[in-house]
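What follows is calculated from the coordinates using simple rules that are stated; it is not laboratory data. Only a predicted model underlies this, so the values are computations on that prediction, with no experimental measurement involved. Positions of Cβ are backbone-derived with ideal geometry, glycine not excepted, and every protein chain shown enters the neighbour counts.
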Amino acid sequence: MNQHFSMKDAVSEAEWDLRCQLAALYRLVAHYRMTDLIYTHISVRVPGPEHHFLINNYGRMFSEMRASDLVKIDLDGKPVDGDSREVNEAGFVIHSAIHAAREDLICVVHTHTAAGIAVASQKQGLLPISQHALKFYGHMTYHDYEGIAVDVDERDRLVADLGDKRAMILRNHGLLVGGRTVAEAWDHIYMLERACQAQVAALSGGCELVLPPEEVCTYTAGIFDMAAPTPPRWYDMAWEASLREIKIEETDAYT
């Protein structure tokens, strides 16, 4: 496919809107240095009973992602609508597992940052030592490392470990979050990454850590309210502010 070809007139208005949001999210993840060359993934489920979802064309850097660069695939990892572009097999396995099992999660973000991998490799997991971490207090799950995720049998275990939560640490691997909107997924991955960065920095000092009392942890997590029936309005506020930060309207992301 010609890299300048726009899919805007070839898809529904709803799909094009999701493509634009997803392209913007890829660029935000790049801007905040959460990328790993071409090797991680963000996906969005397209409305409809087929459970088709959009994922990156394998080989594109996140910083250059455009709405038309996203490939629509089915739950077997096959591009639909005659698209012949390549997607990463490991990305398909992880994201298809979540999209097939969790109707509520429209957007799934997976990262391999240094801080995320470091915390994923620590036996105690995410510690409640920062306000960022307390957002996930009582709302975090873990999945043990099984090697590069190319075995479709791992999907059942991924889903079982995620349960009804929206954030998961993949042991020895990285971070995974899901959101009912793209804005919610962005808030989750940003806050989780910051929590991991804070933990790595705190542990590097070699001092004994101060943990808030249980009642404070529970109280603070309740304010963040990860279990809220609808995404809080500040997710949209932070999303719009983030898009202004990267001046998205001045890029070619929406082409």
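Structure data summary
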| read-out | value |
| --- | --- |
| Where N is the number of residues in region 1-116, Cα Rg divided by 2.2 N^0.38 Å | 0.98 |
| Violating pairs (Cα-Cα greater than 23 angstrom) within the set K135/K247; K72/K135; K8/K165; K8/K72 | K135/K247; K72/K135; K8/K165 |
| Residue-count net charge about I148 - beta-carbon cut-off 12 Å; Lys, Arg +1, Asp, Glu -1 | -4 |
| Hydrodynamic radius by Kirkwood, which averages 1/r over all alpha carbon pairs of the chain, in angstrom | 18.6 Å |
| Helix axis angle, 89-101 relative to the chain longest principal axis, alpha carbon, degrees | 80 degrees |
| For region 97-208, size of Cβ-based charge dipole, Lys and Arg +1, Asp and Glu -1, in debye | 320 debye |
| Net charge of Cβ neighbours under 12 Å - reference R85; Lys, Arg +1; Asp, Glu -1 | -1 |
| Longest DSSP-loop-exposure-free segment, chymotrypsin sites (Phe, Trp or Tyr not before Pro), the chain, at most 16 other Cβ within 10 Å | 146-255 |
| Mean Cα-pair separation over length for the chain, i.e. relative contact order, pairs under 8 Å, 6 or more apart, % | 22 percent |
| Size of electric dipole in the chain: Cβ of Lys, Arg +1 and of Asp, Glu -1, about Cα centre, debye, nearest 20 | 500 debye |
| In region 1-53, the GluC sites (Glu not before Pro) that fall in loop regions by DSSP, at most 14 other Cβ within 10 Å | E50 |
| At R0 = 22 Å, FRET efficiency that the Cβ-Cβ distance of S204 and A101 yields, to 0.05 | 0.05 |
| Neighbourhood charge, 10 Å Cβ-Cβ cut-off, centred on A67 and excluding it, Lys, Arg +1 and Asp, Glu -1 | -1 |
| Angle between the chain longest axis and helix 182-204 axis [Cα atoms, degrees, rounded to 10] | 40 degrees |
